[in-house]
Every structure is written in C-alpha cells, then in structure tokens.
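Student: Questions regarding the structure given below will be posed in turn.
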Amino acid sequence: MAKQFFEKNHSQLRFHCWCICLSLWLSFTINLSTYAQPKNTLIPKTAKKISTDLFGLFFEDINYAADGGLYAELIQNRSFEYSPTDNRQWHPLSFWEYITPGFSYGSFNVETNQPVHINNPHYAVLNIEHIGTVPPRTGGNAQQPLPASITTGRPGVGIKNSGFGNIVVKKGEGFTFSVFAKQLSVSPVDIYVSLQNTKGKVLAESKIVIDKKSWSNYSTSLIADENCDSTQVVLLATSKGKLALDVLSLFPQNTFKNRPNGLRKDLAQLLADMKPAFIRFPGGCLAHGDGVGNMYRWKNTIGPLEQRVEQKNLWGYHQTAGLGYYEYFQFCEDIGAKPLPVLPAAVSCQNSGGTWRVGGTGQQALPMEEMKDYIQEVLDLVEWANGSASSTWGAKRAAAGHPTPFNLKYIGIGNEDKITPEFEQRFKMIHDAVKAKYPDIELIGTSGPFHSGEDFDKGWKLANDLKVAVVDEHYYVQPEWLIANQYRYDNYNRNAGKVYLGEYASWGNKQYNAITEALFMTGLERNGDVVSMASYAPLFAKQNFTQWTTDMIFFNNSDYYLTPNYHVQKMFSANQGDYYVDGIILKDNLDSLVGSSCVYNSKSGDIIVKLVNAGNTTKSVKIDLSAFKAVGIAGTKTILSASADAKNGFESKNIVQPVSEQIAIAKNFEQSLPPMSFTLIKVNTQ
Ligand code: AHR
C-alpha cells in the first residue's frame, strides 16, 4: 500500500522536495544578506557589552511637574478635594470664585453626602435662587467699567477658575470641557460654559443643560477665538434651580499623541526627544510618602478619573492622580521607554511629618497584618501591566484601552529609605513574593539618600544578601565631587548587584554643573557593565512653584527653557550604545578635567565618541578609529560650549545650546576641546 502510494506520488514528492530545498536555500541566502552584515563583525575586540538601558528619566510630581505641569488639565482643584492637609491655606473651594453677575443671588457650598464616587468625597452644590438683570448700559454709566462681580454680560449664578496660576489659550485652540453634574431641583438647569479674559470678554462659549437627576457626565467643545494669557473658565447657570458639580475639567484637545487625559504636548515632546531608555515614576519621596497613609498606592491612580483617590502631595500641594499609572505606562510606550515604577517598600519617608524641620514622626511602617494585602498589591501590578486581557488585573488595563501588555520589566522597591529593621523585614517579604511569582521581573533595591554612609552600606548589604539584581543610588553633590569621583564605578564589584543611579545632579544649572555631569557620565558609560541605569533628578520645575532649585527643565503655563544639564542628558541618552570600546581616545589620563568615552551601537552601526573638557583652557585628544574595520568618511560633530557661569532662562533660552555640523572623518585625527565643553562625534560604520 505504502509502496503503491510512493510510486503514484513519486514525481509529485520530488517536486515538493525540490521546492522545499529551493526555499530553504533562498531563505538562507536572504538571511545571510539581511543579518550577516558587516555591522556584527565590526565590533572591535576591545569592546565590552554595556547596558542598553543606561540613560533614562526620573519623573516625580515635585515643583508642579504633574498637576499644573506635564498633565494637561487646566482647571485647578477640579474635584473640590483640596484641603488644609495639602497646604494650610487650602480648602475644598480653593481656586474657585463664586460669581453672581446681574445682581443675581444664590449659594455655592461643598457637600459630601452623595458623592459621584466614594473615592471622591467632596462636590460642590450651586443653588440658583434668583437670576437678575444686567443694568442697562446707556447714557451716563455706559463708559464706566463694570463692577468686578459682573464678569459677563449675561446675568446668572456661577463659578470660575483661573487654573494653575493662569490659563493660556491661543486663537483657534480647541478644548474639551467636561463635568459630572446632577440636577437637584425640580427643573433642569441651563449652564453657559465659557472661556473669558479677566475683563469678562467671552473667547469661547457653549451651553449645556443639566437635566439628569443622577450623576452624569456632560461635555462640550470650546474653541478660543483669540489669544489670551489669563483666561478664566466660567460656568454660569442662567435658570433657577439647584445642581451638584464635580470633576470639572478643561482639557486641551491637542495633547501629546492626541491622548485624551494626556500630556502637555510641548513638554512631553522634550522628553521624547531625549529618547530615554526608561522612565522612573512616580518619584522620589512622592513614592514612599509622608507617613504610611500618604504612600503612593498605584491602584488608587487607575480607572475612571472620578474614581481615583486624590491625596496630598508631600511637596506642599495636591495630587489629583489624573496622571496615574495608566498614563505613565502609556507615555513610556509612546516614546519607546521602559516603564520603571517605584513602589514603596511598605515604609514611609524617614522625613515623614517634617522631621528635618520640626521633629516629625520619622519612618512609619505598614503594620504586619496589612502586609499580605500590600504584597498582593505589588503582585497585582505585574498582572495589570503584563497579564492577558482576560486576567483580573489585565482586564482593567484592557478596559482602560490597552488590551496588549505593557511589558513591565523593572520594579523599584523603596526610595532612598532609612534601612531600619522594619524596612529590611518588609523589603524581604516583598522581594521574596515577587521573585517567587515573577522571577523575570528585575527588582531594584535602594541604598539611602547619600553616596555613602550607614544606609548606603546597609542597603547594599541587604540587596546583595538577597541577590537583588539592581540597587538604586542617590546623590546630589557639588560639581567638584563629580570630578573627584569620576572613577567611582571603575572598581565596583562586578559580581554583585548592578547600579541604578536613580537620582543625581550637581547643585546648579550653570554650564559648569552640566559639564561636570557630562564628565561623570563618561564614567557611567565606561562602567556600563556594572551601572545598568542612570537618571538625572529632578526633571521639571514650574516657574514660581519650585521646591527644588536644581532641575532639568523649567516651564510656565505657556513656555519653557532648557538648562545646560538638559542638553547634556539629551546628548547622552539620544546617543547610547550597547558596547563600550576602549582604546579609541588617546588623552592625558592624568588630566582629571578631561573625560571621554566611546560606545558602539550595534543596531544602528553608529560609533559615538563623547569628549568633555571641564577645564578653563583648550585641550586636545587623539582619536583612533582603526579598531573599527569600516568607518564612514563623514560624521556629525555636536558641541555644547559656553563659559562656566553661563545659564539659560525664560528671557535667554539659547545662551547655552548644542551646535551640530557635518565633518569629514579620518581613521586617525586630533580633536581640540574648547574650555568648558562637551563634544560628541558620531560616525556610522556603513
Ligand atoms: O529629586 C528630589 C528628591 O530628592 C526626591 O524626591 C528624593 O528621592 C530625593 O531626596
């Protein structure tokens, strides 16, 4: 039977075999030409593999970086959740003004008995008792300015909000206004929503009718018909009645990648331009919080906005959680950065209660009986980020609009905590549980707030005892420290945990600070086999709302400027390699003011040489690219050069900025380095 079958199908089989051979040969040849490119053979023998996630970003809601900053919401205190615990002067109606144009009257107050959601307890009640009439403006009073209480030509009872300092709108710009509201009176209530300048001139207007007796979301679109730097959002009820209001939002329609509930486009683009390998969030001290009740709990920050739990920001203001874990993960994905959430190690900041000033409570630890649930919360984060859309927590991610996993790889546990027995016990419990369930997740331990000392030693010891993959180091230092310690990692133990330099900066935003950071960063690249990640901190600072003086990007409600430190960070993070190549730059090794590194990016085929001169005289180095078998004849040279004291500002944005040019490349050449400069040379191996 088999023989018959074989004979019958013999020629057909032969043809099939021939086809298979041909396709195998073809695919082998195609594979050869696609993958066996010279790139792979171009890696010099002196090269060593380094981290591909070396340079990333640290994001914390400090200096109004999130609410009033990167998070694009324009209304301040949109949910009436501000309170004296945020800031002694604040209460649920802060930043709202009650208005009664046309001699109307009624009342405006806060209630809590039937909130839109239990997580969002306060809401406002507007009672419109009488709609007046705007007095005729003819004859003698026509030229007189309107009283401040009459901000619109239309009479009514309402509220207005001027945002975080001021709201800036541009002619033609579109906004979505939305509100949760409930009709409390017998009749529906008409509301005019408008954007107005401070003189009451209407720049955009729309009408909504609150006609549902249960909490419902109403929204409308507004397009500004002129530019205005001090816009107010005005809600004016023009019919008698009573209504409840909550989560009032004015959101620009033009956000980064047009994400609803998204990010301010200009600021987000600055981060995208840096091509960071990862983004750490939500802090900083914000992560472990001011007391255990203030720890950042990720589950409170996902889901519908009206259900998120707002809380005090330990930097002296308020967190709406509008920029929550979903938005952080989405942004990471949007710019190709790995998410690096930092979760509290079940202890709060050692400065809780203001220890450094008035003698606060110090570090607080979550009671042991709460640890089981807390550990589950950590495990649930992995399922939320990486689980299938049919898993319990993956389904919540999918419901928010992201059915595919986010590919979470790193989790930080703790933020520069004091290494107490309480910390150690809780860290170990969390560590063991995560490693047991998710062995592929790389956990990042912590080693206190300084570059050395008791917590530093104890943090490292604990991490090494537990074989933690990576340990977070933090230090804010003088520029001279960076120069003196540029070789810090040359002798680090290669057989222990790797380093994540999670927060560092020199104290200042002058060129000298940035250049010493660049010098130090050449040491990070040189040691990219033991330093696996690094992020400058803090990232953003809002003009007039700053709690930390040295920052990377300064902004206000319509503008920003970049520090020399930003330019240095961008030059490193947008030009990363996966191999460090020794012996390419010949320099005077005794000159501690000249730093250099050479990396090779095997994906792009780029050779990237970084040269730093932190001295006040011109220096010279020799570059020898002959270790690379093929080198292009042209490349790009970018220089960041300025006097040591030079810095940028809102009125002088470009005093310090990198300048690029195309240059001819020889295998051997000499490069002169201007005083106080950072030079980057990039050439391809094609
Ligand atoms: O980056 C500012 C603060 O510095 C961080 O919140 C904290 O971790 C560090 O002390």
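The values are calculated or read from the model by the stated rules, or taken from the named source; none is laboratory data. All figures in this text were calculated on a predicted structure; none of them were measured in a lab. For neighbour counting, all protein chains shown are included, and Cβ atoms are generated from backbone atoms with ideal geometry for every residue, glycine included. All accessible areas refer to the heavy atoms of the entire protein, side chains included, with ligands and DNA or RNA removed. Shrake-Rupley method; radii C 1.70, N 1.55, O 1.52, S 1.80 Å.
Student: Can you tell me how many residues within the stretch 296-337 are of a type in the set (Ser, Thr, Tyr), in contact (Cβ under 8 Å) with a residue 60 or more places away in the chain and within 15 Å of the ligand (Cβ to nearest atom)?
Tutor: Within the stretch 296-337, residues that are of a type in the set (Ser, Thr, Tyr), in contact (Cβ under 8 Å) with a residue 60 or more places away in the chain and within 15 Å of the ligand (Cβ to nearest atom) number 1.
Student: Filtering the stretch 275-295 down to residues that are within 14 Å of the ligand (Cβ to nearest atom) and farther than 16 Å from Gly353 by Cα, which residue is surrounded by the most Cβ atoms within 10 Å (Cβ to Cβ)? Spell out how you get there, then give the answer.
Tutor: Residues of the stretch 275-295 that are within 14 Å of the ligand (Cβ to nearest atom), as a first pass: 280-290, 294-295.
Those still in the list that are farther than 16 Å from Gly353 by Cα too: 280-284.
Details: Arg280: 32, Phe281: 29, Pro282: 24, Gly283: 28, Gly284: 28.
That would be Arg280.
Student: Can you tell me which residues in the stretch 63-93 are in contact with a Leu (Cβ under 7 Å, 6 or more places away or on another chain) and either of a type in the set (Val, Ile, Thr) or closer than 30 Å to Ser626 by Cα (or both)?
Tutor: Result: Ile75, single match.
Student: Within the stretch 522-548, which residues are outside any loop (DSSP other than H, G, I, E, B) and either within 16 Å of the ligand (Cβ to nearest atom) or open to solvent by 10 Å² or more (accessible area, probe 1.4 Å) (or both)? Working first, answer last.
Tutor: Restricting attention to the stretch 522-548, the residues satisfying the condition of being outside any loop (DSSP other than H, G, I, E, B) are 522-526, 531-536, 540-542.
Matches in the stretch 522-548: Arg526, Ser532, Met533, Ala534, Ser535, Tyr536, Phe540, Ala541, Lys542.
Student: How about the stretch 115-141: which of its residues are at pLDDT 95 or above and more than 17 Å from Gly241 (Cβ to Cβ)?
Tutor: Once the filter is applied, which keeps residues that are at pLDDT 95 or above and more than 17 Å from Gly241 (Cβ to Cβ), the stretch 115-141 yields Pro115, Val116, His117, Ile118, Asn119, Asn120, Pro121, His122.
To keep it simple, each residue is scored yes or no on (1) acidic (Asp, Glu); (2) in contact with a strand residue (DSSP E or B) (Cβ under 6 Å, 6 or more places away or on another chain).
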position: Ser535; (1), (2): no, yes
position: Asn544; (1), (2): no, no
position: Trp548; (1), (2): no, no
position: Asn557; (1), (2): no, yes
position: His567; (1), (2): no, yes
position: Ser573; (1), (2): no, yes
position: Ile585; (1), (2): no, yes
position: Asp588; (1), (2): yes, no
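Student: Condition check: within 16 Å of the ligand (Cβ to nearest atom), within 25 Å of the chain's Cα centre (by Cα) and not in a loop (DSSP other than H, G, I, E, B). Does Glu473 satisfy that?
Tutor: yes
Student: So, one more: Report yes if Leu340 is open to solvent by less than 20 Å² (accessible area, probe 1.4 Å), touching a strand residue (DSSP E or B) at 6+ places or on another chain (Cβ under 8 Å), within 16 Å of the ligand (Cβ to nearest atom) and outside any helix (DSSP H, G or I), otherwise no.
Tutor: Against the criterion (open to solvent by less than 20 Å² (accessible area, probe 1.4 Å), touching a strand residue (DSSP E or B) at 6+ places or on another chain (Cβ under 8 Å), within 16 Å of the ligand (Cβ to nearest atom) and outside any helix (DSSP H, G or I)), Leu340 qualifies.
Student: What's the number of the only condition in (1) under 13 Å from the mean Cα position of the chain (by Cα); (2) open to solvent by 10 Å² or more (accessible area, probe 1.4 Å); (3) farther than 25 Å from Ala574 by Cα that Gly324 fails to meet?
Tutor: All conditions pass for Gly324, except number (2).
Student: Moving on to the next point. Considering the stretch 253-264 alone, what residues qualify as being part of a helix (DSSP H, G or I), open to solvent by 30 Å² or more (accessible area, probe 1.4 Å) and in contact (Cβ under 8 Å) with a residue 40 or more places away in the chain?
Tutor: Lys257
Student: Is there a residue being crowded, with 23+ Cβ neighbours inside 10 Å and either closer than 22 Å to Glu442 by Cβ or among the small types (Gly, Ala, Ser) (or both) anywhere in the stretch 549-557?
Tutor: No, every residue in the stretch 549-557 fails to be crowded, with 23+ Cβ neighbours inside 10 Å and either closer than 22 Å to Glu442 by Cβ or among the small types (Gly, Ala, Ser) (or both).
Student: Something else about it: Residues in the stretch 631-669 that are within 20 Å of Leu586 (Cα to Cα) and either touching a residue at least 60 places away in the same chain (Cβ under 8 Å) or open to solvent by 70 Å² or more (accessible area, probe 1.4 Å) (or both): how many?
Tutor: Total satisfying the criteria: 4.
Student: So, Asn386, is that one within 25 Å of the chain's Cα centre (by Cα) and surrounded by fewer than 19 Cβ atoms within 10 Å (Cβ to Cβ) or not?
Tutor: Answer is no for this residue.
Student: Okay, next question. Condition (residue is open to solvent by 10 Å² or more (accessible area, probe 1.4 Å) and either touching a Ser or Thr at 6+ places or on another chain (Cβ under 7 Å) or within 13 Å of Arg526 (Cα to Cα) (or both)) applied to the stretch 567-574: is it met by at least one residue?
Tutor: Checking the stretch 567-574: at least one residue is open to solvent by 10 Å² or more (accessible area, probe 1.4 Å) and either touching a Ser or Thr at 6+ places or on another chain (Cβ under 7 Å) or within 13 Å of Arg526 (Cα to Cα) (or both).
Student: Which one is surrounded by the fewest Cβ atoms within 10 Å (Cβ to Cβ) among residues in the stretch 400-426 that are in a helix (DSSP H, G or I) and away from the ligand (no atom under 16 Å from the Cβ)?
Tutor: Pass one, the stretch 400-426, residues in a helix (DSSP H, G or I): 421-426.
Filter again for away from the ligand (no atom under 16 Å from the Cβ), leaving 421-422, 424-426.
Numbers: Pro421: 8, Glu422: 18, Glu424: 19, Gln425: 15, Arg426: 24.
Going through the qualifying residues, I end up with Pro421.
Student: Which one is nearest to the ligand (Cβ to nearest atom), of the residues in the stretch 428-458 that are within 17 Å of Lys498 (Cα to Cα) and of a type in the set (Ser, Thr, Tyr)?
Tutor: The extreme case among them is Thr446.
Student: Same structure, new question: Look through Tyr98, Tyr105, Tyr64, Tyr71 and report the one residue that is open to solvent by 10 Å² or more (accessible area, probe 1.4 Å) and under 13 Å from the mean Cα position of the chain (by Cα).
Tutor: Every option except Tyr64 fails the conditions.
Student: Sticking with this structure for a sec: Go over the candidates Ser672, Ser626, Ser677 one by one and state the one that is touching a Lys or Arg at 6+ places or on another chain (Cβ under 6 Å) and touching a residue at least 40 places away in the same chain (Cβ under 8 Å).
Tutor: On the way: Ser672 fails: touching a Lys or Arg at 6+ places or on another chain (Cβ under 6 Å); Ser677 fails: touching a Lys or Arg at 6+ places or on another chain (Cβ under 6 Å).
Exactly one of Ser672, Ser626, Ser677 is touching a Lys or Arg at 6+ places or on another chain (Cβ under 6 Å) and touching a residue at least 40 places away in the same chain (Cβ under 8 Å), namely Ser626.
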